[in-house]
Amino acid sequence: MSRAPPFERVLPVSQAKGRLGDLLLRVAYGGETVVITRHGRPIVRIVPVSSEERERPRPFPPGIEALTGAARDVVGRLRGARSLARSGRRR
């Protein structure tokens, strides 16, 4: 196994599975990097998200505008039905 920089922790999958929560906290809040290996070969590297990425606003998923418009339409219709019910009139 190759030597890793001092801030990079290297673990086999068998150890990482039982400690995943702890490893994620070390990466997220401790700034560490974790390399997980299988049969001595690196298969994945877990790295912290940069502060710029963390603070960047995420784009809305595709189609959210249509859903938002549909929700507004439903709310408008419900409000109209409520006001009709309060006034005692029927359509």
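The figure for Ser87 is an accessible area of roughly 70 square angstrom, using a 1.4 Å probe on the protein chains alone. Maximal additional length on extending the Arg38-Val75 stretch stands at 8.0 nm, based on 0.36 nm per residue less the C-alpha distance.
The values are calculated or read from the model by the stated rules, or taken from the named source; none is laboratory data. Just so it is clear, the model here is predicted, and its values are computed rather than measured. Heads up: the accessible areas ignore ligands, DNA and RNA and are worked out on the full protein's heavy atoms, side chains in. Shrake-Rupley method; radii C 1.70, N 1.55, O 1.52, S 1.80 Å.
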